[in-house]
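The values are calculated or read from the model by the stated rules, or taken from the named source; none is laboratory data. Note that the structure is predicted; figures quoted are calculated from it, not measured. Here the Cβ is made from the backbone with ideal geometry for all residues, glycine too, and neighbour counts use every protein chain on show.
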Amino acid sequence: MEYKITARGAEIYGLSSLDLAETFDCGQCFRWEEKNGRFSAVVRCRYTTVYKEGDTLIIENCTEDELKNIFIEYFDLSLDYDAVRGGLVEKYPILRDAAEHAPGIHILSQEPWEALCSFIISQNNNIPRIKGIISRLCEAYGEKCGESYTFPTAEKLAVLEPDDLKYLRAGFRAGYIIDGARKTASGEVDLEYLKTASISEARESLMTIHGVGPKVAECTLLYGLHRLEAFPIDTWMKKAMSTLYQGLSPADLGEYAGIAQQYIFHYSRSLKIGGE
């Protein structure tokens with residue numbers, strides 16, 4: 001990976017495989033805001049603005065230490081997505097159309113608790129409402145950070161009661177948020193450990209949290225713990241797998257099943273396979 005630290009920040013070259021809009025809008029994250037082609041959010045307690053010029057990614061005001069210690073991992077820049085996509089298509093040609101539809105998706109390496117809590121909130125919800133709930137949660141219990149707020153820690157939320165979150169208008173999810181915060185803060189659900197535990201153990205541990213079923217657990221594994229073998233399945237994916245990819249299972253897709261899932265999900269949405 002070739003990069004340079006300049007007056008405007010970090011410039012990383014040759015990133016044709018990364019499309020910011022495809023990556024931020026594919027349902028894996030909920031806090032990036034776009035204005036005139038620039039995307040801003042808080043990433044690991046740092047307010048960040050990023051954009052692309054051709055194949056060059058610019059991370060504004062980013063130091064070399066921040067690039068190495070935060071953003072290379074966050075954007076998964078060490079993984080050759082072109083090679084992964086090519087390998088998936090070579091092994092399973094049926095994936096070609098999906099892989100070519102949104103080839104610029106990267107799986108972000110998000111903060112584990114933020115991902116877990118966000119996908120608890122996402123249940124039976126739409127993206128505008130999810131973003132609204134998360135925004136209110138961050139403003140109330142996070143710390144001011146640039147033009148936004150940090151995501152509140154599990155420890156800060158663990159001392160609350162579900163009724164304290166009524167103003168979020170999160171409904172039944174408030175109790176799930178608090179239970180998740182308490183189990184995470186106490187170490188009963190050890191998110192750092194689950195990054196390297198067997199994936200079956202990780203799934204089981206996450207599903208001890210009230211309201212966390214297979215889909216939320218799988219989303220947390222993929223988007224928060226960066227377990228690229230995870231494969232979230234919702235209504236869209238069930239319909240896509242049964243109509244477009246009969247005979248193909250998540251287990252077939254191996255260590256990069258989660259990347260394939262994003263291609264399939266994005267493609268099926270564009271075709272309205274899920275019935276929308």
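For M237, the criteria (1) crowded, with 20+ Cβ neighbours inside 10 Å; (2) modelled with pLDDT of 95 or more hold in every case but one, which is (2).
Taking first residues from the range 159-181 that are touching a residue at least 12 places away in the same chain (Cβ under 8 Å) and aliphatic (A, V, I, L, M) and partners that are crowded, with 19+ Cβ neighbours inside 10 Å and not in a helix (DSSP H, G or I), the Cβ contacts under 9 Å between residues at least 6 apart in sequence or on separate chains come to I177/A170; A181/P152.
Within the range 86-100, the set of residues being in contact with a Leu (Cβ under 9 Å, 6 or more places away or on another chain), in a helix (DSSP H, G or I) and touching a residue at least 12 places away in the same chain (Cβ under 8 Å) comprises L88, I94, L95, D97, A98, A99. Among the residues of the range 215-236, those identified as outside any loop (DSSP other than H, G, I, E, B) and closer than 28 Å to E192 by Cβ are K215, V216, A217, E218, C219, T220, L221, L222, Y223, G224.
Condition (residue is closer than 29 Å to L253 by Cβ, touching an Asp or Glu at 6+ places or on another chain (Cβ under 6 Å) and buried (at least 17 other Cβ atoms within 10 Å of the Cβ)) applied to the range 71-85: is it met by at least one residue? No, every residue in the range 71-85 fails to be closer than 29 Å to L253 by Cβ, touching an Asp or Glu at 6+ places or on another chain (Cβ under 6 Å) and buried (at least 17 other Cβ atoms within 10 Å of the Cβ).
Close Cβ contacts (under 8 Å, 6 or more residues apart or on different chains) running from residues in the range 56-74 that are within 21 Å of H226 (Cα to Cα) and touching a residue at least 12 places away in the same chain (Cβ under 8 Å) to residues that are aromatic (F, W, Y) and assigned to a strand (DSSP E or B) comprise L67/Y3. Exactly one residue out of G132, G211 is in a loop (DSSP other than H, G, I, E, B) and out of contact with any Cys (no Cβ under 9 Å at 6 or more places or on another chain): that is G211. Looking across the range 137-180, the residues that are part of a helix (DSSP H, G or I), surrounded by 17 or more Cβ atoms within 10 Å (Cβ to Cβ) and not small (G, A, S) come down to L137, C138, Y141, L157, L165, L168, R173, Y176, I177, I178, D179. Out of K183, K195, one residue alone is surrounded by fewer than 16 Cβ atoms within 10 Å (Cβ to Cβ), under 28 Å from R46 (Cβ atoms) and modelled with pLDDT of 95 or more. It is K195. Against the conditions (1) under 30 Å from A158 (Cβ atoms); (2) more than 15 Å from the chain's Cα centre (by Cα); (3) among the β-branched types (V, I, T), T243 satisfies every one except (1).
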